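Trainee: The structure is given below, and queries will be raised subsequently.
The values are calculated or read from the model by the stated rules, or taken from the named source; none is laboratory data. This is a predicted model, so every value here is computed, not measured. With ideal geometry, Cβ positions are generated from the backbone for all residues, glycine too; neighbour counts draw on all protein chains shown. Just so you know, the surface numbers come from the protein's heavy atoms only, side chains and all, with ligands and any DNA or RNA stripped out. Shrake-Rupley method; radii C 1.70, N 1.55, O 1.52, S 1.80 Å.
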Amino acid sequence: MRSAVVALLLLALALPAASQPGASDIDRHWAAPRIALLLRRGIAQPFPDLTFRPDEPVARADALRWIVTAAGLTLRTPPLASFVDVPLYHPAAPFVETALAQGIIPRAPTFQPDAALARIDAVLMALRAIGYTAEAAVLAMRPPVFEDTAALPELARGAVAVARLLDPPLLVEPPDPQFRPAEPTTRAEAAALAAGVLLAVDHGIRLRATVPVSAGVELVVEKRGVLRADAIWRVQVGAFAAEANAQRLAERLRARGLPVVIDFQDGFHKVRAGSFASAVDAQILKAQLGREGYPTWLVQTLPSFEALPGPSREAEVIVDRAAGVRLVVATGDGGWMRPQR
């Protein structure tokens, strides 16, 4: 008996240790390190035949699932589906609903989970997941990074620039003068972007870029870190064209000890009460206010960015003395500026 146990132990030692599932077709691929990272972390999985098929188009649902998981977002499922083609029983529903609540994807009638994902949409998803869309608007003023991005909308053009300039970069593809924004994203390209999100969340990220403002004037922008903000549930109590009416209702609700915000969307001032981590908790307040005669809706939204411990930003203006530019000191609250003598 003892000899049998020893034999089994020796056999176990001789066998190779179990490893994380890999993929047999990525060894020589440019995206191999980032694909392997996603596989090791369980964010992406190989096909049953242990291939990854890196050069095949990625489905929109798969790419979004990788990005949402890499960003470490808490998955949320609302009481009703937001897209007619992604019912709540769909495997991608938690990821799609979370991405919508976090602002990673826009609201639309359909999501098309099985359709191919345009390359520019993949970059925008990844950039929104780490909170760098504001910088994309600024960097749109830079000369285009690729020959075929000049005609893109401002935000999309800037998003490509940010994805290339981040350290570590989101966009790590082989050199190419063309970006091909409308072409389908491959599984390798989507995996590389998702792995970039994961690296940013795990180890930090930095953006430093110079933007020409005018002759002799440059704006230098630097930002570090990743925005981490889980969506929250609120109860919308009313929507008013006049801000004064919204303020009066908000004050009545605040007098009851409720946290209240007024969001201006779609031309209306929307009064929203509460700040709940789950729809169940928000539903209790919704039912209470409904019994009092208020029209109520459950909404998912992000907390006020001003109250979040987010990334650090710095900016400086560099002026060439020979340019003859005159600086005027101004003060303001961000909404308007008043020149000072």
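Trainee: Could you please give the count of residues in the stretch 117-144 that are assigned to a loop (DSSP other than H, G, I, E, B), closer than 19 Å to Val213 by Cβ and in contact (Cβ under 8 Å) with a residue 24 or more places away in the chain?
Mentor: Total meeting the criteria: 2.
Trainee: Name the residues in the stretch 114-148 that are of a type in the set (D, E, K, R) and more than 19 Å from Ile104 (Cβ to Cβ), would you?
Mentor: Matches in the stretch 114-148: Arg142, Glu147, Asp148.
Let's see how each residue does on (1) more than 17 Å from Ala101 (Cα to Cα); (2) touching a Phe, Trp or Tyr at 6+ places or on another chain (Cβ under 6 Å); (3) modelled with pLDDT under 75:
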site	(1), (2), (3)
Arg224	yes, no, no
Trp233	no, yes, no
Phe240	yes, no, no
Ala255	yes, no, no
Phe276	no, yes, no
Val299	no, no, no
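Trainee: Oh, and also: With Gly238, Gly225, Gly196, Gly204 as the choices, which residue is of a type outside the set (Ser, Thr, Tyr), open to solvent by less than 40 Å² (accessible area, probe 1.4 Å), over 30 Å from Ile26 (Cβ atoms) and within 26 Å of the chain's Cα centre (by Cα)?
Mentor: Gly225
Trainee: May I pose another question? Within the stretch 25-58, track down each residue that is open to solvent by 20 Å² or more (accessible area, probe 1.4 Å), farther than 21 Å from Pro174 by Cα and not charged (D, E, K, R).
Mentor: Residues satisfying the conditions are Gly42, Gln45, Pro46, Phe47, Pro48, Leu50, Thr51.
Trainee: It is to be established whether one or more residues within the stretch 304-312 are modelled with pLDDT under 70, under 30 Å from Val213 (Cβ atoms) and assigned to a strand (DSSP E or B).
Mentor: yes
Trainee: Also, quick follow-up: Determine which single condition Val145 fails, assuming it passes every other condition in (1) β-branched (Val, Ile, Thr); (2) more than 21 Å from Glu173 (Cα to Cα); (3) surrounded by fewer than 22 Cβ atoms within 10 Å (Cβ to Cβ).
Mentor: All conditions pass for Val145, except number (2).
Trainee: For the stretch 160-188, which residues satisfy the criterion of being open to solvent by 20 Å² or more (accessible area, probe 1.4 Å) and among the charged types (D, E, K, R)?
Mentor: If the condition is that a residue be open to solvent by 20 Å² or more (accessible area, probe 1.4 Å) and among the charged types (D, E, K, R), then Arg164, Asp167, Glu173, Asp176, Arg180, Glu183 are the ones that fit.
Trainee: When the residues of the stretch 83-128 are narrowed to those that are of a type in the set (Lys, Arg) and at pLDDT below 95, which ends up surrounded by the most Cβ atoms within 10 Å (Cβ to Cβ)?
Mentor: Ranking the qualifying residues of the stretch 83-128, first place goes to Arg128.
Trainee: Do we find a residue being touching a residue at least 12 places away in the same chain (Cβ under 8 Å), open to solvent by 10 Å² or more (accessible area, probe 1.4 Å), touching a Leu at 6+ places or on another chain (Cβ under 7 Å) and assigned to a loop (DSSP other than H, G, I, E, B) anywhere in the stretch 255-265?
Mentor: no
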